[in-house]
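The values are calculated or read from the model by the stated rules, or taken from the named source; none is laboratory data. As the structure is a computational prediction, the values presented were derived from the model and not from experiment. In this analysis, Cβ positions are derived from the backbone assuming ideal geometry, glycine residues included, and neighbour counts consider all displayed protein chains. These accessible areas exclude ligands, DNA and RNA; they are computed on the full protein's heavy atoms, side chains included. Shrake-Rupley method; radii C 1.70, N 1.55, O 1.52, S 1.80 Å.
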Amino acid sequence: MSATPTAAVIRRLEKTARAAAQKSYSPYSRFRVGAAILAGSGRIYTGTNVENASFGLCNCAERTAIFTAATQGERVVRAIAVYTPTQTATSPCGACRQVLNEFGPDALVISICDGQDRIEATLAQLLPAAFGPKNLKPRC
Ligand code: THU
C-alpha cells in the first residue's frame, strides 16, 4: 500500500479536479463535473463527464479519468478528487466506485464542491465487501 498523499498533493488534486470541470460535455444535465486522479506513478490525470444524446451512455468524470490513466499504462489509483457544482459535496456513483475498485481499492476519495463542504473517505468505506480482481484470481 502506498503512503497517504501529502496535504500539498491533495490541494493540487482538488484544484485540478475543479479546473477539469470546465471541459465537461454536459449539454443535457448541465451538471459540470471534474475529476483528478493521483496515479501510482505520481502523475495526475483528469476527466470530465461526457454525455450522449442516448442518455444511458453518459460517462461520469471519475470513470473518464480512470480510463484515461489506465490508457496511459497506470494500474494504481492512489487518490481521486471529484468536483461537483453543488453546495454540498457528493460521493461518486456506484458504477464509478466499482470501476475505481479495479485500480484503487485503497484509494482516498475526496469530494469537493462550490460550498465549504467536503467529504474524504477511503474507497473501502464507500464500497465495502467489494467484488474485484482478487475474486477472480483462482481462475487466472
Ligand atoms: N456525474 C459525474 O460525472 N460524476 C458523479 O459523481 C455524479 C454524476 C455526471 C453524470 C451526468 O453526466 C451528470 O453528472 C448528471 O448525473
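A compact table of results
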quantity	calculated
Residue among 31, 67 that is of a type in the set (Phe, Trp, Tyr), on the phi < 0 side of the Ramachandran plot and more than 12 Å from the ligand (Cβ to nearest atom)	67
Given (1) without any contact (Cβ under 8 Å) to a residue 60 or more places away in the chain; (2) closer than 19 Å to residue 30 by Cβ; (3) within 12 Å of the ligand (Cβ to nearest atom), number of the condition residue 54 does not satisfy	(3)
Residue under evaluation residue 96, criteria (1) part of a helix (DSSP H, G or I); (2) within 12 Å of the ligand (Cβ to nearest atom); (3) within 18 Å of residue 12 (Cα to Cα); (4) open to solvent by less than 10 Å² (accessible area, probe 1.4 Å), criterion not met	(3)
Qualifying residues in the range 75-87 (those that are more than 15 Å from residue 48 (Cβ to Cβ) and out of contact with any Gly (no Cβ under 6 Å at 6 or more places or on another chain)) - the one nearest to the ligand (Cβ to nearest atom)	86
Any hit, the range 35-47, residues being farther than 24 Å from residue 4 by Cβ and either away from the ligand (no atom under 11 Å from the Cβ) or among the hydroxyl-bearing types (Ser, Thr, Tyr) (or both)	no
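Conditions (1) among the small types (Gly, Ala, Ser); (2) within 15 Å of residue 10 (Cβ to Cβ), marked per residue:
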residue: 29; (1), (2): yes, no
residue: 35; (1), (2): yes, yes
residue: 44; (1), (2): no, yes
residue: 54; (1), (2): yes, no
residue: 63; (1), (2): no, no
residue: 68; (1), (2): no, no
residue: 80; (1), (2): no, yes
